[in-house]
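The values are calculated or read from the model by the stated rules, or taken from the named source; none is laboratory data. Remember, predicted model here, so these are calculated numbers, not experimental data. Glycine also receives a Cβ, built like all others from the backbone with ideal geometry; neighbour counts cover every protein chain displayed.
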Amino acid sequence: MEFVNPYLFWILLVPFVFFAFLISTNKERLSRIFDEKVLNRLSAADESMPLMVRNITMFAAVFLMLVALARPVIDEGDKTVEVKGLTLLTALDISGSMRSKDVYPNRLEFAKKKMNVLFDAMPSDEVGVVAFAYSPFVLAPFSSDKETLKMMVNGVDDSYISMGSTDFRALAEQAAQLLEKKDPKILVLFTDGGDEEAIAGFGDILKENHIDLYVVLVGTTKGAPVLDENGKPMSLKDGTIAITQRNDALGKLAKANGGAYVVAGNGKEDIESLVSVIRGKYKNQQQGEVKIKQRVELFYYPLGFGLLLLLIALSSMPRRVNNEKPAMRNGGKK
């Protein structure tokens, strides 16, 4: 047997011994330290249990509680636990086209909701989050705390949107760096896509770094006007309204490289289907091993026995006897 918190026992033992010594000494010396009313509560001459027995019972109760605070345990050694789950990097598109409203309320908010669905579908997995447009940056490091990840993603609003061109090569390089020590290396994009020119070289960098790509495409092929920061449609040089359409080229690239893609719709079935594909491919590969101590807790034995002794000691406290004479009635006649 050993104690997890032995320091608590030794720290509290000193005042306990001092207190027991004072209680056990004569009243004259004790009355110099304690108020008479307090002293009367601690010890009494007229009681059902002898004073010495009651004091010993209380001391034993307090001592057993100190032992319980020290937390006695039986150490059964270390146990190695395999931590199962996948590690994946998610990327949220914050380019200017994500303001478009061909899905409700707009592509950015719709993509954020889909990311939250993914977090819920992978409760025990480690997920990291980056945002990307012209230059990618980390929104949240790898974590299995999905509520924190949701909070970080939900904090991305219209002010994050960049009207510059999307640099998929920069995203691939960022992903390669973040996933360098992960196995397998999984990247999941939430985006309205990109044309052949925009994604040129993107797949090559992913392949060089053995990164598997999965894509969640938002938006419609019909498209919608590109909106500026004030929510007004933007115009091309010829005066026509700029229209942005969902481009499925990224999805085809993911599929061609052993990954998969889904077109985001209402409900959870699309994301759940993608998660099923991911889990099926990697069969929930192991993240690592964790060593935990196996202990049998014993603190409740001294704690329970101490409380029982304390109850016995307190139940033996003397009752106050009313020695007051009855009041006179009828003009002083008895």
Selection over the stretch 117-147 where residues are touching a residue at least 12 places away in the same chain (Cβ under 8 Å), surrounded by fewer than 17 Cβ atoms within 10 Å (Cβ to Cβ) and farther than 10 Å from ALA91 by Cα yields a count of 7
Determine if the stretch 263-279 includes at least one residue that is hydroxyl-bearing (Ser, Thr, Tyr) and either modelled with pLDDT under 85 or within 30 Å of LYS185 (Cβ to Cβ) (or both). yes
Restricting the stretch 280-291 to residues that are within 29 Å of VAL263 (Cα to Cα) and at pLDDT 60 or above, which is surrounded by the most Cβ atoms within 10 Å (Cβ to Cβ)? LYS281
Among the residues of the stretch 253-281, which ones are small (Gly, Ala, Ser) and within 17 Å of THR90 (Cα to Cα)? ALA254, GLY259, ALA260, ALA264, SER273, SER276
Test LYS207 against the stated conditions and say whether it is out of contact with any Ser or Thr (no Cβ under 6 Å at 6 or more places or on another chain), among the charged types (D, E, K, R) and more than 23 Å from LYS114 (Cα to Cα). yes
In the stretch 68-98, residue modelled with the lowest pLDDT [restricted to those that are acidic (Asp, Glu) and surrounded by fewer than 20 Cβ atoms within 10 Å (Cβ to Cβ)]: GLU82
Listed residues LYS114, LYS146, LYS150; which is of a type in the set (Lys, Arg) and touching a strand residue (DSSP E or B) at 6+ places or on another chain (Cβ under 7 Å)? LYS114
Would you say LYS101 is at pLDDT 85 or above, surrounded by 17 or more Cβ atoms within 10 Å (Cβ to Cβ), not polar (S, T, N, Q) and not in a strand (DSSP E or B)? no
Does VAL130 fit the bill of being closer than 27 Å to ARG279 by Cβ and assigned to a loop (DSSP other than H, G, I, E, B)? no
